[in-house]
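What follows is one structure encoded as structure tokens, with my remarks underneath.
Read-outs throughout are calculated quantities, based only on the coordinates presented, and are distinct from any laboratory measurement. The structure presented is a predicted model; accordingly, all values stated were derived computationally and were not measured. Glycine also receives a Cβ, built like all others from the backbone with ideal geometry; neighbour counts cover every protein chain displayed.
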Amino acid sequence: MSTTTNSNRNPVALVVGASRGLGRQIAIDLARSGYTVILSAKTTSDASKTTPFPPSPNSPASTINTVAREITEAGGTAHAIPVDVRSVPQIERLVAETVRLTNGRLDVLVYNSGAIWWSSVANTPVKRFRLMQQVNPEGLYATVQAALPVFERNGWRGRIVVVSPPIYSRFFRGKTGYAIGKIGMSVLTRGLAMDFERQGARDMAITSIWPVTAVESAATEMNPANIDSRENLRKPTIFSDAILAILSTPAQTVNGLLALDEDFLRQHAGVTDFSKYAVVPGSTPRRMMPQEMPVLEVAEQDDEGVRMDSSKMGRKSKL
């Protein structure tokens, strides 16, 4: 479902992984904030035949098509374009179709697609591990690569938001295979941010964001423990509110930042009361994340020596 092409007056946001849970909420709140939203994920449906409507936001009945219908019926503008992020050609077609529909405009890219398998190394089959790497860091990398030329044509003005965590030791525990990919996504955030700084792209930023507490989503509903502990869940609006706050914060402040939703809202948006986000009214959801994160910078941060660029070395750089 879609409306007419973008008139260039509204900013454009491409949300990859927008069918359910956090991705759906992000897309809906971007639309409410005046964005033309391009919704993308693997699963599609005939939204006109979905009954009841709207479907549960965390159920398989919620697809990019039903979310597009929710947005358009509320007066917003949305286009649904399916993609399997394991396919580079599909990702490239997604970005090409986005700029075709929006007259070349792309202001925000949100990468929310994710594959999850939390277990020990011994109990994480290679097949599961590969799937997580394909969907998580590889899908992100391919999507960013496809979008960068669009941002360049538009004068390096835009934002990339990645759903990935801060880098700290406890995150690896009990889910190493998953953590390898998600931390890899955060490494991309830090590294691409340095590229933007190096080339003087002062109006371009990439930011990672992760929840402080468990957030009600399709992923948390998979965990049986959350059924009996809903007092530890927050509504997904805290996550979308944090993203909107990131987008309204100067690029140089958030470029390369590995942010936490609650902490960013408190420090940069002046939010002090988070009670409205509790799934169970009056509850205080347990904080999952450490109070303080390790500092990643080193004293020699800017001393990289002589930089090697394999892209300029031709065949000599091939192993």
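Classify segment 225-272: rounded, prolate or oblate, from the alpha-carbon gyration tensor (a ≥ b ≥ c, eigenvalue square roots; a/c under 1.5 rounded; otherwise prolate if a/b is larger than b/c)? List each step's numbers first, then the result.
Details: a/c = 2.92, a/b = 2.45, b/c = 1.19.
Taking the square roots of the gyration eigenvalues as a ≥ b ≥ c, segment 225-272 is prolate.
Where is the GNM fluctuation largest for the chain (alpha-carbon springs, 10 angstrom cutoff): E216, E97, E70?
It is E97.
Working out 0.36 nm times the residue gap between V187 and E292, then minus their Cα-Cα distance, what length gain in nm do you get to one decimal? Don't skip to the end; give the middle numbers.
Values: separation 105, 0.36 × 105 = 37.80 nm, distance 1.88 nm.
Between V187 and E292, full extension yields an extra 35.9 nm.
I need Y277, Y35 ordered by Cβ neighbour count within 10 Å, fewest first.
Values: Y277 22, Y35 25.
In order of increasing Cβ crowding within 10 Å: Y277, Y35.
Please report the antiparallel percentage of DSSP beta bridges with both residues in segment 12-291, rounded to the nearest 5.
Details: 1 of 29 bridges.
Of all bridge pairs located within segment 12-291, approximately 5 percent are antiparallel.
Go ahead and set up a Gaussian network model of the chain, Cα springs under 10 Å, then flag whichever of Q301, Q134, Q267 fluctuates most.
Among Q301, Q134, Q267, the largest GNM mean-square fluctuation belongs to Q301.
Please work out how much length the chain gains when fully extended from V121 to Y168, using 0.36 nm per residue of separation minus the C-alpha to C-alpha distance, in nm with one decimal.
Full extension of this stretch gives 15.1 nm more.
List E73, E297 from most exposed to least, where exposure is judged by having the fewest other Cβ atoms within 10 Å. Let's see the in-between values first.
Values: E73 12, E297 8.
The fewest-first ordering by Cβ neighbours comes to E297, E73.
Rg to Rh ratio, segment 230-319, alpha-carbon atoms and Kirkwood radius?
Details: Rg = 20.0 Å, Rh = 16.7 Å.
With Rh from the inverse mean 1/r over Cα pairs, Rg/Rh is 1.20.
Compute the length gained on full extension between K235 and D195: take 0.36 nm times their separation in residues and subtract their Cα-Cα distance, giving the result in nm to one decimal. It would help to have the intermediate numbers written out before the result.
Values: separation 40, 0.36 × 40 = 14.40 nm, distance 3.46 nm.
Result for the pair: 10.9 nm of gain on full extension.
Beyond 15 Å, what share of the Cα-Cα pairs of segment 132-205 is found? Please give it as a whole percent. Working shown, then result.
Numbers: 1534 of 2701 pairs.
I get 57 percent for the Cα pairs in segment 132-205 exceeding 15 Å.
Can you give the convex hull volume of the alpha carbon atoms of the chain per residue, in Å³?
Details: hull volume 51.4 nm³, N = 319.
Here the figure is 161 Å³ per residue.
Report the Cα centroid-to-centroid distance between segment 247-306 and segment 28-86 in angstrom, as an integer.
28 Å
Pop out the Kirkwood hydrodynamic radius of segment 114-271 from its pairwise C-alpha distances, inverse of mean 1/r, in Å to one decimal.
Values: mean 1/r = 0.0598 Å⁻¹.
So the Kirkwood estimate lands at 16.7 Å.
Between the DSSP loop rule and a limit of at most 15 other Cβ atoms within 10 Å, which trypsin sites (Lys or Arg not before Pro) in segment 269-316 are left?
Working: sites: K276, R286, R287, R307, K312, R315, K316; in loops: R286, R287, R307.
Loop-located and lightly packed - R286, R287, R307.
Taking springs between alpha-carbon atoms closer than 10 angstrom, which of A214, A269, A259 fluctuates most in the Gaussian network model of the chain?
Judging by the Gaussian network model, the answer is A269.
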